[in-house]
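The values are calculated or read from the model by the stated rules, or taken from the named source; none is laboratory data. All values reported here derive from a predicted model rather than from experimental measurement. Cβ: placed from backbone, ideal geometry, glycine included. Neighbour counts: every protein chain shown.
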Amino acid sequence: MSTKHKVTLIPGDGIGPEVTQAVVRILEATGVQFEWERYAAGAEAFEIFGEYIPAALYESIERNKVALKGPVTTPIGGGFKSINVTLRKKFDLYANFRPIKNLPGLVTKFPDVDLIIVRENTEGEYVGLEHEVIPGVVESLKVITEKGSTRIARFAFEYAKKHGRKKIHSIHKANIMKLSDGLFLRCARKVAEEYHDIQYGEHIIDNTCMQLVMNPWQYDTLLLENLYGDIVSDLCAAFVGGLGLVPGANIGADCAIFEAVHGSAPDIAGKNLANPTALLQSGVLMLRYLNEEAAADKVQRALEIVYSEKKTLTRDVGGTAGTSEFADAVLAAMEELSTISSFTI
Ligand code: NAI
């Protein structure tokens, strides 16, 4: 029997509670023992506690060092600060890791894509330093530091080394932002010198977007500042079937929050239409982080079976199933895998 993992659970809002419920059911069926500490965040938390991020939620993450999080809506052009950005900064989760890989059986315009996005997660335009200088003139600061750039570059190279990735491209706009993006590049180049087996290249962000759509297979691992990484992640999600598929992890020195790339999808919220695959694959990343490799493999294998069979897929990927039916199909595939393995033994 494995140890019980205490995990902070933030269902979020919009489609968050639906996909979270589906994922929790599946993770619990792996046999891994979880103790979930469940907290609201954002507008919902404010209504109940008068705080967008309740103190108890901070304390829970501080204690458990691992969280699974659904999306939380951020008001546009005003209102409270992004809960997502605030949590990443608070726990110094400097590396945003997003693997982009086709699922077997799910046909897209771009087969066999296998990309890793490593996004700096605490700096750049997301530091939230904006002010109105005079009416009609606003300044927004982008902060890039040597420490921040070096540690995210090291994260990318260490990941590549450990997982046999061959190439890293730094993506930048240092032709225009000579100082900030220039510093990001200088730090990446310095780190690259220590890793002789990994090819290092640099592409300008605008060209990269075109290159990605023309030929995503030319890339292996992309190293990006915060804003570029945010945008390029959604672009790359389209290669593998859209935002319903792509997982993510926010990783710091001793703490991690696992969440899908997608947002709260208000257009489909509360209708049992959301695809829980992105959060489920984030859950698989979490299982690996917790050293529950066998359970992670089982969930991933079950997902692949469901996609290969094409019988129970959600609407975003051409099916008709609801969120809960999709989760039922994954659970049935896991059950089948258990039966097969008990016969083999
Ligand atoms: P979004 O990712 O919520 O939705 C974009 C499109 O993708 C929509 O058409 C939506 O229906 C679809 N989609 C997203 N996830 C899906 C899923 N699991 N299954 C099926 N279809 C899915 O992006 P949007 O509309 O720009 O943002 C909505 C809100 O979410 C905003 O308040 C934004 O700030 C927030 N957000 C939160 C994030 C987080 O909590 N980490 C990340 C990104 C956005």
Item to check | Residue that is farthest from the ligand (Cβ to nearest atom), among those in region 250-267 that are of a type in the set (D, E, K, R) and either surrounded by fewer than 20 Cβ atoms within 10 Å (Cβ to Cβ) or not assigned by TED's automatic domain parsing to the domain that holds V23 (or both) | outcome: D254
Next on the checklist: Step by step: first the residues of region 72-82, then only those that are under 20 Å from G252 (Cβ atoms) and within 7 Å of the ligand (Cβ to nearest atom), then the one that is surrounded by the most Cβ atoms within 10 Å (Cβ to Cβ). Which residue is that?
Outcome noted: V72
Checklist entry - Among the candidates I15, I10, which residue alone is within 13 Å of the ligand (Cβ to nearest atom) and touching a strand residue (DSSP E or B) at 6+ places or on another chain (Cβ under 8 Å)? => result I10
Next on the checklist: Is it the case, given these coordinates, that L68 is within 30 Å of G319 (Cα to Cα) and not in a loop (DSSP other than H, G, I, E, B)?
Outcome noted: yes
Checklist outcome for this item: Filtering region 55-70 down to residues that are touching a strand residue (DSSP E or B) at 6+ places or on another chain (Cβ under 7 Å) and either hydroxyl-bearing (S, T, Y) or within 11 Å of the ligand (Cβ to nearest atom) (or both) yields S60, K69, G70
Checklist entry - With respect to the numbered conditions (1) surrounded by fewer than 20 Cβ atoms within 10 Å (Cβ to Cβ); (2) over 16 Å from the mean Cα position of the chain (by Cα), which one is the sole condition not fulfilled by T86? => result (2)
Item to check | Enumeration of residues in region 301-329 that are away from the ligand (no atom under 14 Å from the Cβ) and at positive phi | outcome: K310
Checklist entry - Filtering region 26-49 down to residues that are under 21 Å from N275 (Cβ atoms) and more than 16 Å from the ligand (Cβ to nearest atom), which residue is surrounded by the fewest Cβ atoms within 10 Å (Cβ to Cβ)? => result E28
Checklist entry - Of the conditions (1) in contact with a strand residue (DSSP E or B) (Cβ under 6 Å, 6 or more places away or on another chain); (2) farther than 27 Å from K178 by Cα; (3) part of a loop (DSSP other than H, G, I, E, B), E35 fails just one. Which one is it? => result (3)
Next on the checklist: Just to verify a result, which residue in region 268-285, among those that are more than 7 Å from the ligand (Cβ to nearest atom) and aliphatic (A, V, I, L, M), is nearest to L331 (Cα to Cα)?
Outcome noted: L280
Checklist outcome for this item: With criteria (1) modelled with pLDDT under 95; (2) hydrophobic (A, V, I, L, M, F, W, C); (3) over 27 Å from L303 (Cβ atoms), A56 comes up short on (1)
Next on the checklist: Contact list please: Cβ distance under 8 Å, first residue in region 1-27 and over 21 Å from T74 (Cα atoms), second residue among the basic types (K, R) and surrounded by fewer than 24 Cβ atoms within 10 Å (Cβ to Cβ), pairs at least six apart or on different chains.
Outcome noted: K6/R63
Next on the checklist: Just checking, does region 286-299 include any residue being within 14 Å of the ligand (Cβ to nearest atom), among the β-branched types (V, I, T), buried (at least 22 other Cβ atoms within 10 Å of the Cβ) and assigned by TED's automatic domain parsing to the domain that holds P104?
Outcome noted: no
Item to check | Every pair of residues 6+ apart whose Cβ atoms lie under 8 Å, when the first sits in region 201-215 and is more than 13 Å from D181 (Cβ to Cβ) while the second is in a strand (DSSP E or B) and of a type in the set (S, T, N, Q) | outcome: G201/S170
Next on the checklist: Regarding region 166-189, can at least one residue be identified that is among the aliphatic types (A, V, I, L, M), under 21 Å from D114 (Cβ atoms), at pLDDT 95 or above and buried (at least 17 other Cβ atoms within 10 Å of the Cβ)?
Outcome noted: yes
Next on the checklist: Looking only at region 112-144, how many residues end up being assigned to a loop (DSSP other than H, G, I, E, B) and under 23 Å from the mean Cα position of the chain (by Cα)?
Outcome noted: 8
Next on the checklist: Y52 - would you say it is more than 15 Å from the ligand (Cβ to nearest atom) and either part of a helix (DSSP H, G or I) or under 16 Å from S82 (Cα atoms) (or both)?
Outcome noted: no
Checklist entry - Any idea which residue in region 200-249 is nearest to P99 (Cα to Cα), counting only those that are more than 13 Å from the ligand (Cβ to nearest atom), in contact with a Ser or Thr (Cβ under 9 Å, 6 or more places away or on another chain) and in a loop (DSSP other than H, G, I, E, B)? => result Y219
